[in-house]
Amino acid sequence: MAPFHHAPILAQKQLPMIFDLDETLLQAFTLSSLDRRAEAIRRAHSEAVSESAERASGDEKTRADLPTDAAGKTVAGALGSFASSRGGADAARVARQRREEDMARLKHDRAMLAQYVAENCVIDNRGRKIAAAAESATTAPGEVTFRPVIRLPSPHCRGGQMIFTRIDPANKGTSMLVHVRPGWEEMYGYLAGLDRRADGERKTQNARCAAFVCTMSESQYAQEMWRLLDPRGALIAPKDLAHRVVSVKQGAELKTLEKAVGSWGIAKELCVVLDDRTAVWEPRARPHILAVAPFMPYATDTGPGLRGEAPGEAGVLGAARRMLEKTRMDLFMTYERFAKFHAKFPNAPFEPPAGSLTRRDADNSAVSESVRDTEPFFKTSRPQPPDVSETLPPLMNAHAKEAARAVAQMGGAARSAAGAGSRLNAMLGGIAAPRVAGAVKTLASASFVKNAGGEIRGAGEHEKRDPGIPPESGAGAGDDAREKAAAAAAA
């Protein structure tokens, strides 16, 4: 019997969770990165105007020819992904409207961030002056700093948060605006076990997950972002932040399960990864990824933007939470069957799952010849140990097929009732965003890397794809099935 099956994490029914930060749970900006995003929106508008002129002259470009700016790509079949079925002038009009909405939100938020930088306070939408409160943050073992923090409900999407913080309290240039994705509060409460109560009193807290963070962000930035998401320290205690928030060198290496949880002795088979990208992970980790559409408050013209963002069950993180609940239930039901069998037959040898060993491994093992020669290799009726890579991909595929079926059914009715160019039809037009080669992703994490002169760069630097990383079309749990579902929906 493999040693990890006795681990306390299984006995306590805690699901190991590895979180990405930027564009998955939040997106953060400094004043300079907001200015760069504003310039990108203006540039996209100018290019769209040029495209309209070319179309009018007969030199039409397809949507795939347009630049994606700084928006992240959406993994096919990711929760919360959309693909518009609009075309021609109607698509151009909608894109222009979204850019205008992006710019209005950006200007509003920039004014608030500028006020926070200057006065350590902001004026909210009700005209109230909200002053920053000092929040303690562990920066190193035994070292604590106090950062001026303002937490407000998002004025742009219900259930979201706007948080103002300063990474270095003495350096106003590190002031940041952080958009927290709607639905995080409910997911946090579920994973931390904050919803477990008895007779109006909270029970002894028992988190439903063991949380880790693996990101391509700079370490100090990543630890502060997680602290803002987990202010109670219910998922990761402040003393463990430096060890459980792992930063991978951007563009130089892939994220791996070993880097994320290796030093904690947790079996890789049990890990679930929540990320908006799959190609940044090692191939063996991709079946463990619960992919979501990127969260981009100022990029609704090139990505899903704020569409699909809502609190509770209705939003992207609500759908992810339901899938996590199902995965966790299946995982520990499998473990209970496995544990009961070995408790009943303590001397029974452990048999690896079907297909987990190569024939060379089998030839070098103590497996009997009769078992070794069976086909499919190592197929057994015994209860098998839990493995997320066997549990999560079918759930993702089922979600993609269900979404495609709903789109096909509702889309037909929408076209009949409102016409092929209707707004409703565009909302129902697909489940995967257009994929454009050479897309780049905005990362606020690059904000606090010092250059040779000691200057701290602003947030929102672009993370370009590493040429050595395979394209996303070959990555993720069940991408092929999701792409077929998306094609069926568009047909």
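The values are calculated or read from the model by the stated rules, or taken from the named source; none is laboratory data. These numbers come from a predicted model, not from an experiment. All Cβ positions, even for glycine, are placed from backbone atoms using ideal geometry, and neighbour counts span all protein chains on display. Surface areas here come from the heavy atoms of the whole protein model, side chains and all, with no ligands, DNA or RNA. Shrake-Rupley method; radii C 1.70, N 1.55, O 1.52, S 1.80 Å.
Some points to look at:
- Residue pairs exceeding 24 angstrom between C-alpha atoms, taken from Lys268/Lys340; Lys172/Lys259; Lys107/Lys172; Lys13/Lys340; Lys268/Lys401; Lys107/Lys255: Lys172/Lys259; Lys268/Lys401; Lys107/Lys255.
- Take the Cα of Ala111, go 7 Å toward its beta carbon, and the backbone nitrogen atoms of the stretch 154-185 under 16 Å from that spot belong to 155-156.
- Tyr335, Tyr221, reordered so the largest accessible area comes first (probe 1.4 Å): Tyr335, Tyr221
- Classification of the stretch 208-282 by its C-alpha gyration tensor yields an oblate form. The axis ratio a/c (a ≥ b ≥ c) is 1.5 or more, and b/c is at least a/b.
- Taking label positions 7 Å along the Cα-Cβ direction at both Met333 and Ser50, the computed distance is 5.6 nm, reported to one decimal.
- Given a 1.4 Å probe and the protein chains as shown, Leu152 ends up with an accessible area of around 20 Å².
- The length gained by stretching the chain between Leu194 and Lys172 to full extension, at 0.36 nm per residue less their Cα-Cα distance, is 4.4 nm.
- The modelled label-to-label distance between Asn125 and Glu101, using points 7 Å beyond Cα along the C-beta direction, is 1.3 nm.
- Coil-residue trypsin sites (Lys or Arg not before Pro) of the stretch 138-183, DSSP, other Cβ within 10 Å capped at 15: Arg158
- Normalised by the number of residues in the stretch 117-173, the mean separation of alpha-carbon contacts (under 8 Å, six or more apart) gives a relative contact order of 25 percent.
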